[in-house]
Amino acid sequence: MQLIDGKALANTIKEEIAIEVDKIKAKGGKIPHLAAVLVGEDPASQVYVRNKVRSCEKVGFESTLIRKDDSISEADLLKIVEDLNNDDDVDGFIVQLPLPKHIDEHKVTLAIDPKKDVDGFHPINFGRMAQSLPSYLPATPNGIMVMLERYGVKTSGKHAVIIGRSNIVGTPMSILLSRKAKVGNCTVTLTHSRTKDLAAEVRRADIIVAAIGIAEFVTADMVKEGAVVIDVGINRVEDPTAKRGYRLKGDVAFDEVAPKSSFITPVPGGVGPMTVTSLLMNTLKASKKEVFG
Ligand code: NAD
């Protein structure tokens, strides 16, 4: 079994990005600039956005954090998006989800200029991804693809089983793994809450991507010997002995599944750090106008 160390890989890629930024600076070029919009006080969102801003600083990007109270109106949020679309200094931006219930998330996503949509959530980017055209790939699936590539995991001809069909993880993951590409060429089964005999489907997998949001859902009896196991889940499980009163657990029962797997990602320290790094990669692409020209 080989552990896929997302934290170490994320640091390596951040160092590579920092070197590129130094070169841009030395030539007097424009420093990549990421803006993030955070609405409300959701604790997980605050942690994610803080990590994103910190990571920007670490690689030498400029960053702007726009914080708004959760009473902000949809119209006012859409105005912020429009201003960011028109701000030539901002290369890319994200609006952290989830948004308060009175705001239509889809409307906000659609309002973001696809050229600045470094989260890759806009249907234009999603459609371009599906057609293998240049696009900003959604951060978490992109991070997973980079992990598979850098660890030399063979994907061609393999059977990948994705658990969970969300727009941000499961569905794009199924598209990326099935694409005709260096990392890709898998035969993909996309499973979800209505799948019959999910365990039997997962047992057939050479590559498992678990993105369900249920702690330790994937157990050893569901995993074929030698499978590659990618655990996307981040679940808070109460634990009075932990400093914060909870521990983070993945969607995979790591201790029992790891001995059966050929490669496995831990939680924390696996997919999570790569997600933030993907956003930095997309922002660098945006500043170099690599995707839309
Ligand atoms: P989501 O809630 O939007 O989607 C969950 C999916 O799981 C749904 O498609 C649903 O059909 C499926 N599902 C739910 N119960 C199921 C069951 N019993 N059997 C089969 N399928 C079932 O979740 P999401 O946004 O894709 O996130 C999934 C997990 O990944 C969460 O724990 C989330 O916190 C985590 N996540 C982590 C990162 C990261 O950077 N590591 C990024 C995004 C999400």
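The values are calculated or read from the model by the stated rules, or taken from the named source; none is laboratory data. Given the structure is predicted, the values throughout are model-derived calculations rather than measurements. Here the Cβ positions follow ideal geometry from the backbone for every residue, glycine too, while neighbour counts run over all protein chains shown. When the accessible area is computed, the model is the full protein with side chains, heavy atoms only, and any ligands, DNA or RNA have been set aside. Shrake-Rupley method; radii C 1.70, N 1.55, O 1.52, S 1.80 Å.
List of remarks:
- Between helix 271-287 and the chain: long-axis angle, C-alpha atoms, 0 to 90°, nearest 10: 40 degrees
- Between the residues VAL153, LEU198, VAL267, the greatest Cα displacement towards the positive end of the dipole of the range 139-271, with unit charges on the Cβ of Lys, Arg, Asp and Glu, is found for VAL153.
- Inter-centroid distance (Cα atoms) of the range 242-293 relative to the range 179-202, Å: 19 Å
- Note, ³J(HN,Hα) from phi for the range 250-256, Karplus 6.51, -1.76, 1.60, rounded to Hz, x at Gly and Pro: x, 7, 10, 6, 3, 4, 8
- Placing +1 on the Cβ of every Lys and Arg and -1 on the Cβ of every Asp and Glu, with nothing else charged, gives the range 28-113 a dipole about its Cα centre of roughly 400 debye.
- Debye intensity ratio in log₁₀ form over the Cα atoms of the range 139-271, taken at each q of 0.10, 0.13, 0.14 Å⁻¹: -0.29, -0.49, -0.57
- Long-range HN-HN contacts of VAL95 with modeled amide H, under 5 Å: VAL37
- Largest to smallest accessible area among PHE126, PHE93 [probe 1.4 Å]: PHE126, PHE93
- Helix 43-59 axis, angle to the chain major axis (alpha carbon atoms, nearest 10°): 70 degrees
- For the chain, the per residue solvent-accessible surface stands at 48 Å², with DNA, RNA and ligands left out and a 1.4 Å probe.
- Percent carbon-and-sulfur accessible area, the chain, ignoring ligands, DNA and RNA, probe 1.4 Å: 51 percent
- Cα-based helix-to-principal-axis angle, 6-26 vs the chain, degrees rounded to 10: 30 degrees
- Rg to Rh quotient for the range 1-143, alpha carbon positions, Kirkwood Rh: 0.98
- The GluC sites (Glu not before Pro) found in the range 6-102 that occupy coil by DSSP, while having at most 12 further C-beta atoms within 10 Å, are GLU41.
- Counting lysine pairs in the range 139-271 whose alpha carbons fall under 18 angstrom apart, excluding pairs fewer than 8 residues apart on the same chain, gives 9.
- The chain: radius of gyration over Cα atoms, expressed as a fraction of 2.2 N^0.38 Å: 1.00
- Net dipole in debye of the range 174-293 [+1 Lys, Arg Cβ; -1 Asp, Glu Cβ; about Cα centre; nearest 20]: 640 debye
- Percent of Cα pairs exceeding the 14 Å cut-off, where the set is the range 1-60: 67 percent
- ³J(HN,Hα), Karplus 6.51/-1.76/1.60, whole Hz, each residue of the range 207-215, x for Gly, Pro: 10, 10, 10, 9, 9, 10, x, 10, 4
- Assigned charges on the beta-carbon of Lys, Arg, Asp, Glu; the chain dipole about Cα centre (debye): 820 debye
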